[in-house]
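Just below is one structure, and these are the notes that go with it.
No lab work stands behind these numbers, since they all come straight from the coordinates. Here the structure is a predicted model, which is why all the values come from computation and not from measurement. Here the Cβ is made from the backbone with ideal geometry for all residues, glycine too, and neighbour counts use every protein chain on show.
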Amino acid sequence: MPNNCFGARSNDVRISCFTSGLKAAAGSDRRAVEAVRDRALGWLRAQLGKPSARSDMRWSLPAELFVGLAMAEGLLADAWMVANAHGCSEVLLDRLAEASEGSHPAEVLKIYTQRVERMLVLGGQSNYANAYDRIERMRRLREGLGETMQHVAYLDGLRSRHKAKRNFMKLFDGK
């Protein structure tokens, strides 16, 4: 693994560097790759409970790195467990939600519901359009879960809470 992996500025670069270095070092031995990955995730998990974790890890917050690495390795359940327990940035949480639509729809619905409310409070046409896109994704997820009536109730509540937002209502009612 290149020495500058953890000197990189973004977690995305660190994670990409780590996973590519890991695969190059282990070659075709999948068990070796998984063993090193599990050891790295175990170390990061141990850092999560430490009150001084930020000072020990100058290059990143352990939860952010753990969630990103778990996502890169397809360990979405582990990523959700850490994100729920320790939090992570909105950007990373959004990426986790999008990656988890098929496997963790209940978690995704919570995140999307929060994002829609936040976008509507912030206002503006682009936020309204993004909120509408999220609402459509939520509809598909709820249909897949057999929760069509819950989605109708959610839409009624949303319409009631945000009826003063005329531009959103035009978008909402027009599509």
Within segment 77-99, identify whether any single residue is among the β-branched types (Val, Ile, Thr) and more than 28 Å from Phe168 (Cβ to Cβ), and answer yes or no.
yes
Can you spot a residue in segment 113-136 that is in contact with a Lys or Arg (Cβ under 6 Å, 6 or more places away or on another chain) and of a type in the set (A, V, I, L, M)?
yes
Residues of segment 138-147 being crowded, with 17+ Cβ neighbours inside 10 Å and either of a type in the set (A, V, I, L, M, F, W, C) or in a helix (DSSP H, G or I) (or both), in sequence order, are Met138, Leu141, Arg142
Looking at (1) surrounded by fewer than 16 Cβ atoms within 10 Å (Cβ to Cβ); (2) closer than 15 Å to Lys170 by Cα, which is the only condition Asn127 fails?
(1)
Which numbered condition Cys88 misses (of (1) outside any loop (DSSP other than H, G, I, E, B); (2) within 10 Å of the chain's Cα centre (by Cα))
(1)
